[in-house]
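Novice: Got a structure for you, written out below as structure tokens; questions coming shortly.
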Amino acid sequence: MILQLHIKNIALIEDSTIDFGRNLNVLSGETGAGKSIIIDSLGFALGARADKSLIRHGASVASVEAVFDLSDSPITKGKMAEMGYEEDDTLILFRSMTENRSEVRINGRPAALSMLKELGATLVDILGQHENQSLLNVSSHIELLDKYGETDIDPLKKEVNSLYHQYKDTEKMLSAYGDEGERARRADVLKYQIEEIIAAELKEGEEEELIAQRERFRNSEKILDSVGASAFTLKGDDAFSVQGAISAAMSALRPASGYDARLEELYNRLDSAYVEIGDITDELQSYLDGFDFDGATADRVERRVDLIRSMKRKYGGSVEEVLANLEKYQKEYDELSEADDVIKDLTAQKAVLYDKLIKRSSDLSKMRRSAARKLKTELETELAQLGMKGSVFEVDFHSGEDALGENGFDRVEFLISPNPGEPVRNLSKIISGGEMSRFMLAMKVITSRLDGIQTLVFDEVDAGISGKIGEVVAEKLALVSADRQVIAITHLPQVAAMSDVHFLIEKNVTNGTTRTSLLPLDESGVVGEVERLAAGAGAYGTLHARELRNIALEKKAKIRSINR
């Protein structure tokens, strides 16, 4: 449940902190005082869309911090663990915005807005005119019904969902094979590609070797001239060759080398050079003798390089990629060759899955219809207590294989007749605003115990309600708040009289600046506010308000003792 809400620079609220109580928290005030700002601020802290127009005039930053007690919120704790947060009984959500940026923090750590929304959905359920409108959306009706019968419905619904996706995956695999003609054409293409690549006999590294060989052929004349000149210079005529010069130098130095160790070392080095030059000369001559060049070989190399490059253009950017694609083509060709058998198996598998899916969808539909009958009984009882006695509620089913989806084959719509003798019709066509508020309240009284959310916010859910029905609404809120935290914005004195914690929202103008403030009321303050809402005045008004308060407290104690 929410312990505290700190609002700063949101609309008319400059800086305000609200400390909520455990059970029924009531917020009241004059029209336009700023009650909706509280709900907008809470929604903002829970991940609702950031409305920059809510930034207080003259302020650059608006922020909201919400502190929650998670001791009774295992679902929220589980979500936090999934997000990498340590388990804690306290959760602090912070969100701020400027004209250009926004910031989200969860327990002091920067977080994504999506994480804030995910946590917010497990913490607080806000009901107001928007939610009433969402109830008019037929697509939401099946979700509400499934939530109502969740204990029995959810396991079967998950099974149907799994079967449906298996069925669609099988259908997708079958579709990938195409028709028989498409498969034959694809097999012909693959066969041609495979044979062409195999015939090319590609080898990794071959292209580089061929290009080097081609360069030698293209420059053969220069190569032969250079090698021949080098070999002649080294050996040539003994009198004019490097080898001859070294030999002459050795002959000249030999007589002196016997008298000086240093000269002997130099002589030995000349001898080594003579041997090395001889080896190099032999290598050069061998290269000349072995150089094999003819036009046919050059043409073969050119054709081979062109073939390799053609294969790369068609089947990959490198020889390695071409060979990898060869494996892929071969695998696909083999699969197509066996396609008839595979398609036969997949078709049989699809038929089995479809039969299972239809059977389990039928079981799910029966379970939903059973839940619908129970919901009808409970909801009509609640509506009768809320002054809509004689109302008839029906859950209309449109079921069939044409509507088959991941949640089965049911289409569900809520129908109602708020007046005895009238046929049931679509909610939007027959129900008034006040009736819709009571319908939503009745639905929430029934479903609030099912979703595990600890805080329920009723934003003027009592709109269009007065008199005796106002008392019933107050009693319903007292009932819901017995084991849930409830925050109710109200104009009804009966609801105000039922409060456990009460805040008065006021709008004041000081030095030309308008501010909204929240004042926690003590017992006398609650009675005074009940008197104002009841339009009472004077001693009799105060007595009436006090009587309303005392009656409410007695009823609340009785309701909660029975509920326990």
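Novice: Using a simple charge model, +1 on the beta-carbon of Lys and Arg, -1 on the beta-carbon of Asp and Glu, nothing else, what dipole does segment 2-60 show about its Cα centre, in debye to the nearest 20?
Specialist: Magnitude of the dipole: close to 160 debye.
Novice: Then there is this: Here are some pairs, Lys79/Lys359; Lys444/Lys468; Lys157/Lys444; Lys389/Lys429; which of them have Cα atoms lying more than 26 Å apart in this structure?
Specialist: Cα-Cα > 26 Å for Lys79/Lys359; rest within.
Novice: Return the lysines within reach of Lys314: Cα separation strictly under 19 angstrom, same-chain partners fewer than 8 residues apart disregarded; answer none if there are no such residues.
Specialist: Answer for Lys314, where 19 Å is the Cα cut-off: Lys191, Lys203, Lys328, Lys331, listed by chain and number.
Novice: Work out the FRET efficiency for Leu224 and Val189 from their Cβ-Cβ distance, taking R0 = 60 Å, and round it to the nearest 0.05.
Specialist: 0.80
Novice: Within the chain, what's the longest run with no GluC sites (Glu not before Pro) in a DSSP loop and at most 12 other beta-carbon atoms within 10 Å? Give the range, please.
Specialist: 339-564
Novice: Please compute P(r) over all alpha-carbon pairs of the chain, binned at 20 Å starting from zero, and give each bin as a whole-number percent.
Specialist: Percent of Cα pairs in each bin: 15, 29, 19, 13, 12, 9, 3, 0.
Novice: For segment 184-337, what does the relative contact order come out to in percent, with C-alpha contacts under 8 Å and a separation of six or more?
Specialist: Relative contact order comes out at 37 percent.
Novice: Mind listing the long-range amide H neighbours of Leu127? Cut-off is under 5 Å, sequence gap 5 or more, other chains count too, H placed in the peptide plane at 1.01 Å from N.
Specialist: The answer is Val457, Phe458, Asp459.
Novice: Label points 7 Å out from Cα along the Cβ direction at Ser524 and Ile551: separation in nm?
Specialist: Inter-label distance under the simple model: 2.5 nm.
Novice: How long is segment 184-337 along each principal axis, judged by its Cα atoms, biggest number first, in Å?
Specialist: Largest to smallest, the principal-axis extents are 93, 34, 19 Å.
Novice: Go ahead and estimate [θ] at 222 nm for the chain from helices alone: -39,500 (n - 2.57) per DSSP H run with n ≥ 4, summed, over the residue count, rounded to 500.
Specialist: -19500 deg cm²/dmol
Novice: Looking at the chain, identify the longest residue range that excludes and avoids all chymotrypsin sites (Phe, Trp or Tyr not before Pro) in DSSP loops having at most 14 other Cβ atoms within 10 Å.
Specialist: 294-564
Novice: What trypsin sites (Lys or Arg not before Pro) in segment 343-411 are in a loop by DSSP, with at most 14 other Cβ atoms within 10 Å of the Cβ?
Specialist: Loop-located and lightly packed - Lys389.
Novice: On full extension of the chain, what length is gained from Asp402 through Arg369, given 0.36 nm per residue of separation minus the C-alpha to C-alpha distance?
Specialist: Gain on stretching Asp402 to Arg369: 10.0 nm.
Novice: To make sure I understand, if each residue's beta carbon is the centre and we count other beta carbons within 10 Å, what order do His491, His165 fall in, fewest to most?
Specialist: Exposure proxy ranking, most exposed first: His165, His491.
Novice: How far is it, in nm, from the label point at Ala59 to the one at Arg300 when both lie 7 Å from their Cα along the line to the Cβ?
Specialist: 8.7 nm
Novice: Right, something else. With r defined as the distance between the Cβ atoms of Thr90 and Lys203 and R0 fixed at 60 Å, what FRET efficiency is calculated, to the nearest 0.05?
Specialist: 0.30
Novice: How much length, in nm to one decimal, is gained on full extension between Asp51 and Glu320, taken as 0.36 nm per residue of separation minus their Cα-Cα distance?
Specialist: 91.2 nm
Novice: Using a Förster radius of 56 Å, what is the FRET efficiency between Ser251 and Ile211 based on their Cβ-Cβ separation? Nearest 0.05, please.
Specialist: Efficiency for this residue pair is about 0.70.
The numbers here are math on the coordinates, done by the rules we state, and not lab data. Computed from a prediction, not measured in an experiment: that's the story for all the values here. Note that each Cβ is placed from the backbone with ideal geometry, even for glycine, and that neighbours are counted across all protein chains shown.
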